[in-house]
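Presented below is the structure to which this report refers.
The values are calculated or read from the model by the stated rules, or taken from the named source; none is laboratory data. Given the structure is predicted, the values throughout are model-derived calculations rather than measurements. Quick reminder, even Gly has a Cβ in these numbers, built from the backbone with ideal geometry, and neighbours come from all protein chains shown. For accessibility, only protein heavy atoms count, side chains too; no ligands or nucleic acids. Shrake-Rupley method; radii C 1.70, N 1.55, O 1.52, S 1.80 Å.
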Amino acid sequence: MALSGMRGLSVFISDVRNCQNKEQERVRVDKELANIRTRFKNQRGLTPYEKKKYVWKMLYIYMLGYDVDFGHMETVALISAPKYAEKQVGYIVTSCLLNENHDFLRLVINTVRNDIIGRNETFQCLALTMVGNVGGREFSESLAPDVQKLLVSNTCRPLVRKKAALCLLRLYRKNPDVVNVEGWSQQMVQLLDERDLGVLTAVMSLLVALVASNPDGYWSCLPKCVHILERLTRNQDILQEYTYYGIPSPWLQVKTMRVLQYFPVVEDPNVRRGLFDVLQRILVGTDVVKNVNKNNASHAVLFEAIALVMHLDADKEMMSQCVALLGKFVAVREPNIRYLGLENMTRMLLVADVNESIKKHQAHIISSLKDPDISIRRRSLDLLYGMCDISNAKDIVEELLQYLTTADFGIREELALKAAILAEKFAPNLAWYVEVILQLIEKAGDFVSDDIWYRVVQFVTNNDDLQAFAAAKARDYLDKPAVHETMVKVAGYLLGEYSHLLARRPGCSPKEVFHIIHDKFPTVTTPTKALLLSAYVKILMHSQPPDQELQAQVDEVFKRCESFIDAEVQQRAVEYIILSHKGPSMVDIMAEMPKFPERQSALIKRAEDAEGEPTEMSATKLRQRQNSMALVVADPGSANGGLPPPSEQLALPEPPPPAPETAAPAAPAAPQSAYANGTNKAPAPASTNGDLLGDLLAPLALEAPPISTPSPLTQSADPGEPLALALYDQQNQIKPIGSIEDWFRALSLKDSGVLYEDPYIQIGIKSEWREAQAKMVLFLGNKHTAPLVNIRVLILPAPHLKMQFSRVPDTIPPRAQVQVPVEVTCLSASRETAVLDFSYTISTLPVNVKLRLPTLMNKIFQAAPVSASDFVAHWRAIAGPPTKLQEVVRGVRPMPVSDMGDLFNSLHIGVAPGLDPNVNNIVAATTFFSQAGATLCLVRVETDPSDRTQMRLTVASQDPNVTYEVKEFIKEQVIDIPFARTPAPTPSPAVMGLTGPAAALAGLI
């Protein structure tokens, strides 16, 4: 560019580089821009040299990131200059400063066209380069015919024709109409006879774009492409400058094979034979060498050849040869080569019957699961999942279970899901399947969705021979010292239904089974407590006539739960204590679950849907990726808001009613069935998306009202509540359905549920906490038949939280759901919560809400079991303030000590019964996790039996901040405890229209 002679430009660049800070640089740039603007205003004394110098300075300032909003006319004017030095500056700076929609570009179209059709090849190259870089519809309509003439001209040098081909490619991408298929088919055939490899490579890039849009119009190019491949692989007439590490023009080979993948079949036997000879030569001649550059080039050609072999559906021998070659790559230590081998072997599973050949490399694939690179581990998992069948299912599932114990946090959910699908799909017998799922729950309970253990319950219920085995296995797992809550759910359900089948085995009497289950009762969450209460009454039912001692112990549990904080547990306790004294009548009401209707597993259905997707037409489509990580899930429900058929629902179906010929199957009772104040909740239909997280709240059973009547509902929340969790704009006309305060309180004790809902949208949340880190998913569900637009999601994290979330699309389609993954890391202790700022527009009506996210301290707590000696040792080691704080708390909601202990356990503050000799005191311990590490917190609560409205609270830990925050958090919980709502009056059985066991149950209660 001959910039070395421009002293002023060199001095300016030096001045900018010598600036000590950004402010000095800005002052220097502003000074220079003012000088340039002044000189451009007085152009009479401006020489061509000074014009070039000032335009170069403008370009340099623009590259530094400053706005240059003047001087465009002077830049464009340089394009019309007769001399090369000025024209070059004009073209280069114009390409950088102006985009395709800039108005100044219209002023240079004629000048650019004159340069293209002119005789000066240097000017032609400058013009073509600028048009190719800028593009635009106006350029394509005005200049495309002239560019095409240059490309097919026999008088132009190869350099000009190469630039013309690339320029035409850019114009075609902007405006496909510039290339007429009928006229260009034969032109492309002639261009493929080009001997210059530079021109041929550019033409092949153009052909890839043309064939991708209309392969039928370019069939005549297919033999020419095969001939080009033959010429390259035989190294015929290939100049040394186009040979890269001994490989003849690898870029041209890759592009040519990519073109061939757009044609469905090769019908000409001679052409097909020649093509397979070329592919065979590539497969045989490629190996792993030490030179990295040669490996990159040869492997690029090889993997494109393998993709072409799969596309052509070659014979089994060639397929096996491809697998053997990929097997070599999987076995090498170089991570990039191993990754490519695993990825291409996974692709081969989709289109070819080479499963047996791939199984020979199973050992290397399994060893890749332990690779330090997580991308290789993911590819290995995908490949093992795809190659699994009945013959190797046991080996693969066992390897996946072993790998679960050491797998990364980010891959465990996918790993657990795939292991469960394989175990069900290829189980040699149901006993093996049950054992595998129980092992899966034991090793990765946090990552096992409810649908997996629901399916186990369905299999056990429907197979009488399996019931005793499953109950015995569940009892064995409960004996272990550390049991995940999901295991408690499964074991509680199975032992409640089938523990009587084990009564003659040692250690399996009803009383012993009850004690084994009840040992886990204090540590589980509220929904699981409700399930265990059902198990207790089932155990009593099976032990008729009841053991009086067992009856008394179960009654004591029910009586304690009659005043439980949760309405569901409270109601079950009240109902079950009455039922347990009804004698033989209880046997009829609490009979074993009948068999579930046979239906396809939701997990296997998802696997089959994924396998049934059409394979990609070309390698180009494999490289397409979505810009957003947010998943849009369409609603499978009917247009009028009805539910999908039961076969598409994930939850287990309830046993049919007494009159199956007149009544449809009811909603799932399931081990985790939910009843609120005696009424059944309708199940949410399953999402069609492959991600099971979408089944939490998807899709929405409510039909939104018409847009024209967005009247507020009578149950809308009051923004002035004590916990104002949503701050409404005064212009908001859309009000929530229900209480936002209640939703937030519920989510503070559980990991999934509704965060917000109005007539048009439902926001749900599901979170999984592991020490100081969490994976959260927000579910934004459009309940209406019209799209929600102008979606805006902003998460305002608390100072002690680090949060990252994916981009959310601007529009949610009708009756669809968007999933927004959020990653959370706790940096320190604090009671503050993150805030979700959410807004949308429905029929020009804007809605904005700000919601507190349930990122409370108890989510990061983990109950810490401590012995008496350990507690005393730690307690004495902490001297006093600020690491040990004590306070008398007044205004406490009166409650029994046992209920307060249950409250602490629900907050993951583990109560240690028996450590304090005073029965009115509570001793507890928990571990708080943050990025700095784990901190053990000790808690002691001293209550006064004569005055339950006050207590003395002492908290101790090694971190003063943690001590203070935990103390204040506990105060908030005991002072402000949500009231359990009183159940609505229950109508009589006759009014409800109940008959049979349902009427008997209602009458007894």
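Applying the set (1) under 22 Å from ARG37 (Cβ atoms); (2) of a type in the set (Val, Ile, Thr); (3) open to solvent by 50 Å² or more (accessible area, probe 1.4 Å) to THR75 leaves exactly one unmet item: (3). The residue of the stretch 508-523 that is surrounded by the fewest Cβ atoms within 10 Å (Cβ to Cβ), among those that are touching a residue at least 24 places away in the same chain (Cβ under 8 Å) and over 41 Å from the mean Cα position of the chain (by Cα), is LYS511. Per the conditions (1) in contact with a Leu (Cβ under 8 Å, 6 or more places away or on another chain); (2) part of a helix (DSSP H, G or I); (3) closer than 30 Å to LEU210 by Cα, the sole criterion not satisfied by ILE365 is (3). Scanning the stretch 822-838 for residues that are more than 19 Å from ASN961 (Cβ to Cβ) and open to solvent by 50 Å² or more (accessible area, probe 1.4 Å) returns a single hit, GLU823. Of all residues in the stretch 255-273, those satisfying the criterion of being of a type in the set (S, T, N, Q) and in contact (Cβ under 8 Å) with a residue 12 or more places away in the chain are THR256, GLN261.
Contact annotation: no residue pair with Cβ atoms under 6 Å, 6 or more positions apart or on different chains, pairs a residue in the stretch 453-480 that is over 16 Å from LEU502 (Cα atoms) and of a type in the set (Lys, Arg) with a partner that is modelled with pLDDT of 90 or more and assigned to a helix (DSSP H, G or I). When the stretch 387-423 is filtered for residues that are farther than 28 Å from ASP353 by Cβ and not aromatic (Phe, Trp, Tyr), the ones remaining, listed by number, are LEU401, GLN402, LEU404, THR405, THR406, ALA407, ASP408, GLY410, ILE411, ARG412, GLU413, ALA416. Name every residue in the stretch 388-409 that is under 24 Å from the mean Cα position of the chain (by Cα) and either open to solvent by less than 10 Å² (accessible area, probe 1.4 Å) or touching a residue at least 60 places away in the same chain (Cβ under 8 Å) (or both), in order of residue number. Answer for the stretch 388-409, where residues must be under 24 Å from the mean Cα position of the chain (by Cα) and either open to solvent by less than 10 Å² (accessible area, probe 1.4 Å) or touching a residue at least 60 places away in the same chain (Cβ under 8 Å) (or both): VAL397, LEU400, LEU401, LEU404, ALA407, PHE409.
Residue-wise test of (1) assigned to a helix (DSSP H, G or I); (2) aliphatic (A, V, I, L, M).
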position	(1), (2)
SER391	no, no
GLN402	yes, no
ALA419	yes, yes
GLU424	yes, no
VAL436	yes, yes
GLN439	yes, no
VAL460	yes, yes
ALA472	yes, yes
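Mind counting the residues in the stretch 187-198 that are within 18 Å of ASN214 (Cα to Cα) and open to solvent by 50 Å² or more (accessible area, probe 1.4 Å)? So the count comes out to 1. Looking at the structure I just gave you, is THR844 open to solvent by 50 Å² or more (accessible area, probe 1.4 Å) and without any contact (Cβ under 8 Å) to a residue 12 or more places away in the chain? Spelling it out, THR844 is indeed open to solvent by 50 Å² or more (accessible area, probe 1.4 Å) and without any contact (Cβ under 8 Å) to a residue 12 or more places away in the chain. Within the stretch 350-362, being over 15 Å from SER391 (Cβ atoms) and in a helix (DSSP H, G or I) holds for LEU350, VAL351.
Determine, yes or no, whether LEU501 is open to solvent by less than 10 Å² (accessible area, probe 1.4 Å) and touching a residue at least 24 places away in the same chain (Cβ under 8 Å).
Details: open to solvent by less than 10 Å² (accessible area, probe 1.4 Å): no; touching a residue at least 24 places away in the same chain (Cβ under 8 Å): yes.
When the stated conditions are applied, LEU501 does not pass them.
Close contacts from the stretch 544-557, counting a first residue that is open to solvent by 40 Å² or more (accessible area, probe 1.4 Å) and a second that is at pLDDT 85 or above and not aliphatic (A, V, I, L, M), with Cβ to Cβ under 7 Å and a gap of 6+ residues or different chains, come to ASP547/PRO510; ASP547/LYS511; GLU549/LYS511; GLN553/PHE514.
Close contacts from the stretch 274-296, counting a first residue that is over 16 Å from PHE329 (Cα atoms) and a second that is of a type in the set (Gly, Ala, Ser), with Cβ to Cβ under 8 Å and a gap of 6+ residues or different chains, come to PHE276/ALA314; LEU279/ALA305; LEU279/ALA314.
What do you reckon, is ILE374 β-branched (Val, Ile, Thr), open to solvent by 60 Å² or more (accessible area, probe 1.4 Å) and modelled with pLDDT under 90? Walk me through it before giving the result.
Values: β-branched (Val, Ile, Thr): yes; open to solvent by 60 Å² or more (accessible area, probe 1.4 Å): yes; modelled with pLDDT under 90: yes.
So ILE374 passes the test.
Take GLU74 and tell me if it is under 46 Å from the mean Cα position of the chain (by Cα) and among the charged types (D, E, K, R). No; evaluated as a whole, the condition is false for this residue.
For SER95, the test of being over 22 Å from LEU159 (Cβ atoms) and of a type in the set (S, T, N, Q) is failed. Go through the stretch 303-336 and give me each residue that's open to solvent by less than 10 Å² (accessible area, probe 1.4 Å) and under 21 Å from SER368 (Cβ atoms). Scanning the stretch 303-336 gives ILE306, CYS322, VAL323, LEU326, GLY327, PHE329, VAL330.
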